[in-house]
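Written below as structure tokens is the structure these notes are about.
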Amino acid sequence: MTGYAVATSEGAAGTLTIEIKSVNSRFLDLQFRINDELRALEPDLRAAIMAAITRGKVEARLSFGRKVAGGSQALNAAMLADLARLQAEVTKHFVSAPLMTVAELLRWPGVIEEAQVGQESLQADVAALTATTVAAFVDSRRREGAALEAMLVSRIDAMDIIVKRITPLIPQVISQFQQKAIERMQDALGLAGHGTPSTLTRQEAFERIRQEVTLYGIRIDVSEELSRLSAHLTETRHILKKGGQVGKRLDFMMQELNREANTLGAKASVKELADASMELKLLIEQMREQVQNLE
């Protein structure tokens, strides 16, 4: 699931910023962008994120901007004195060498004093900000999860309608098929008129026809598949309603739904059932794409 959160805290020593964002992924993939001086705090940030989510390609950024000493610009007098002494010595040997400009001096590392901050204090500040950011990040994913749930429920409702629409057709389809099959076989065997087959009595031929047609009717009966489809849809709805980490369970339900929809298509003996199978598989595939993004 996608998600985004950013939080900032101001301290005496500087500004901490934590940004977390994620895009869809079947697995958990963590990437970090952290200032070198804060690199030792990466394990804590990683643990906090892993405790909150189990799926997604996540990028976390942790940065720290130091304040200058005393909250205003302050120069390091000792550093400037050293630079002046060193510059004077250099010009003794290289008379034509240009002097350092003010801009170059101000950019020199250490010339502008920075506030000092203890590692323990910084770690505590990062831990507090991490908790705030991760909570906001989880909330953003929860909002998207609610939207995905609404979409999945709408697809379940659509499949329920299809199952309820075709279920009453099954007995009628089987009966019509059996009647037509009997008539065609009677015509082929010459039983529609007064002739009789040479090896079977008329009654035996009729009985053989009924047996064959009945067996084939059983093979094309999809009542059991529709019953399982309905049960799987009910269970899928229950999983979504219960909440929690539903991704893997829904993955399994998509496999079961797809299996029944495929069997329905393979056994379809009329256009209505074949069309229903295609509609169901389309809806299942739409759900499968989104289910892979859920926790």
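If a residue must be modelled with pLDDT of 85 or more and assigned to a loop (DSSP other than H, G, I, E, B), how many such residues does the range 63-94 contain? Qualifying residue count for the region: 1. Sub-9 Å Cβ pairs linking a first residue in the range 231-254 that is on the phi > 0 side of the Ramachandran plot to a second residue that is of a type outside the set (A, V, I, L, M) and assigned to a helix (DSSP H, G or I), at least 6 apart or interchain, are 243/145; 243/149, ordered by first then second residue.
Would you call residue 245 surrounded by fewer than 16 Cβ atoms within 10 Å (Cβ to Cβ) and at pLDDT 90 or above? Full working, then the answer.
Details: surrounded by fewer than 16 Cβ atoms within 10 Å (Cβ to Cβ): yes; at pLDDT 90 or above: no.
Taking the combined requirement at face value, the residue does not satisfy it.
So which residues in the range 151-167 are more than 27 Å from the chain's Cα centre (by Cα) and surrounded by fewer than 14 Cβ atoms within 10 Å (Cβ to Cβ), if there are any at all?
Here is the first cut: in the range 151-167, the residues more than 27 Å from the chain's Cα centre (by Cα) are 163-167.
Passing the criteria: 164, 165.
Of the numbered criteria (1) open to solvent by 70 Å² or more (accessible area, probe 1.4 Å); (2) closer than 28 Å to residue 147 by Cβ; (3) in a helix (DSSP H, G or I), the one residue 287 fails is (1).
The values are calculated or read from the model by the stated rules, or taken from the named source; none is laboratory data. If you're wondering where the values come from, they're calculated on a predicted model, not measured in any experiment. A quick note on method: Cβ atoms are made from the backbone with ideal geometry, for glycine too, and the neighbour counts reach across all protein chains shown. Calculation scope for accessible area: heavy atoms of the full protein, side chains included, ligands and nucleic acids excluded. Shrake-Rupley method; radii C 1.70, N 1.55, O 1.52, S 1.80 Å.
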